[in-house]
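Before any comments, here is the structure.
Just so you know, all these numbers are worked out from the coordinates, no wet-lab data involved. It should be emphasised that the depicted structure is a prediction, and the values quoted were computed from it without experimental measurement. Cβ sites come from the backbone with ideal geometry, for glycine too, and all protein chains shown count toward neighbours.
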């Protein structure tokens, strides 16, 4: 009898812990108990959960009349619910930052800790995206490397890496380059994770960028580097200055925008400011690294005109002219 009671209590308690609604008739029918016994068991669990020295501080078992049963109130406030898990899963799938096996493992674990009554609903909503998920071309597992890099940054440890550089033909070189680095940050952008680091012995004003998936070997050394906290690297600030993880010279860019959504421009360029506005035409200024912002501006076509600085404007004009000549030459060949 005691074992039977334990089975029922564990069943009710587990359902409550998982965010499910415990309905009287469901329990009565499953275990063939009477109504009085059900209420006694609910009281036993309620006394356990709500006692002063309980580890479940702030949580209470209440009758939710809308849902038609008992729930563990307060559980949803401290754990991920179905809306949050669905949103996180969607972002992860869209990012395409991990290979399929890693993304499936992460989403499955998110579902495990989700406090909701119907996890199958989330699986159904994202099921097609998971099945048709396309891994990034590098095909490498990254979680361990990302953790190693993060640990080195936190502990200010010097990294010794072997790295595959990009060749002039647009393909990754077979030859490995070795770098001794002072790791500063870890960023994600357009499908890839990047290590931001200063090279030992070099006095560059800004750090160098390395794609994590191209790191062949990574060793955290016993050596530490010093951090000048008044000049320490700030991931968030650096992120505002860079596009497509391309550096170049840091410049104050000024351009005219006449496209469909100025909101999208301000989201894309976090430190941009509108300095003038008139009938759907915006004059925008932003501090950005030249190479990356140039790529973005070119992608906007006739919606953008660079106004300054003059040198950068001329560079844009030259690039556009080269593009025009490329198309004209193609037409002549045909």
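A few remarks follow.
- Placing pseudo-labels 7 Å out from each Cα toward the beta carbon at residue 131 and residue 4 gives an inter-label distance of 4.4 nm.
- Within the chain, helix-based [θ] at 222 nm, where runs of 4 or more DSSP H residues each add -39,500 (n - 2.57), nearest 500: -13500 deg cm²/dmol
- Ranked by the mean number of other Cβ atoms within 10 Å of their residues, highest first, the peptides 248-258, 217-227 fall in the order 248-258, 217-227.
- Here the Kirkwood formula, the inverse mean of 1/r across different C-alpha pairs, assigns the stretch 74-177 a hydrodynamic radius of 16.5 Å.
- Taking every C-alpha pair closer than 8 Å and separated by at least 6 residues, the mean separation divided by the residue count of the chain gives a relative contact order of 10 percent.
- Cβ-Cβ distance of residue 169 and residue 278, R₀ of 35 Å, FRET efficiency by 1/(1 + (r/R0)^6): the value works out to about 0.15.
- The stretch 250-330 shape via C-alpha gyration tensor axes, a/c threshold 1.5: prolate
- Descending principal axes extents, the chain, alpha-carbon based, whole Å: 87, 58, 48
- Three semi-axes of the equivalent ellipsoid, the stretch 82-131, Cα gyration tensor, whole Å, largest first: 17, 11, 10
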